[in-house]
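The block underneath contains the structure these notes are about, expressed in structure tokens.
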């Protein structure tokens, strides 16, 4: 993976967030509330919807806050995917941390492959792993660590920072997915 792709996606994500802060922060606030009251069941729907909103803003047309729910038709599949990913990463973390980071990196694009490209669970996991392997596993582990730290720092600021970091990092991963798609 070229550093230029990462740098470009970081800049684009930040630029888009600065261009539409109220829309994206409002969607993140609504998404966090909905995720909390559904005990995380709609978390992946919100995440993929927010990433798609950033991508849509990059292309020009302005999405609405309701677009955060655009993948509700895939809620059961996204939920199963989230459970598989979450349990696998937790087991990997319990096994000396590194295996969990590897799993998180390999599967970081799976929800987007499922939502954006209509892949099934196994297909999206395989596609994500192939995309990451083709573009540098180590680099993706570093990206996962940075995204985790950024979101944790955002959550520490009385949760308010998360309204900035969640759309920023979701958008970044969505832009990365689009930039690397087809490179597997």
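Quick notes
- Residues of the range 11-29 satisfying the condition of being out of contact with any helix residue (DSSP H, G or I) (no Cβ under 6 Å at 6 or more places or on another chain) and either surrounded by fewer than 17 Cβ atoms within 10 Å (Cβ to Cβ) or at pLDDT below 95 (or both): 11, 14, 15, 18, 19, 21, 22
- Hey, residue 163 closer than 27 Å to residue 65 by Cα and modelled with pLDDT under 95 or not: yes
- Residue that is crowded, with 22+ Cβ neighbours inside 10 Å, in a helix (DSSP H, G or I) and free of Cβ contacts under 8 Å to residues at least 24 places away in the same chain, where the choices are 68, 46, 83: 46
- Top-ranked residue of the range 12-28 - restricted to ones that are more than 16 Å from the chain's Cα centre (by Cα) and in a helix (DSSP H, G or I), ranked as nearest to residue 130 (Cα to Cα): 15
- Only a single criterion out of (1) more than 21 Å from residue 178 (Cβ to Cβ); (2) free of Cβ contacts under 8 Å to residues at least 12 places away in the same chain; (3) out of contact with any helix residue (DSSP H, G or I) (no Cβ under 6 Å at 6 or more places or on another chain) is not satisfied by residue 102, namely (2).
The values are calculated or read from the model by the stated rules, or taken from the named source; none is laboratory data. All values derive from a computational prediction rather than experimental measurement. Note that each Cβ is placed from the backbone with ideal geometry, even for glycine, and that neighbours are counted across all protein chains shown.
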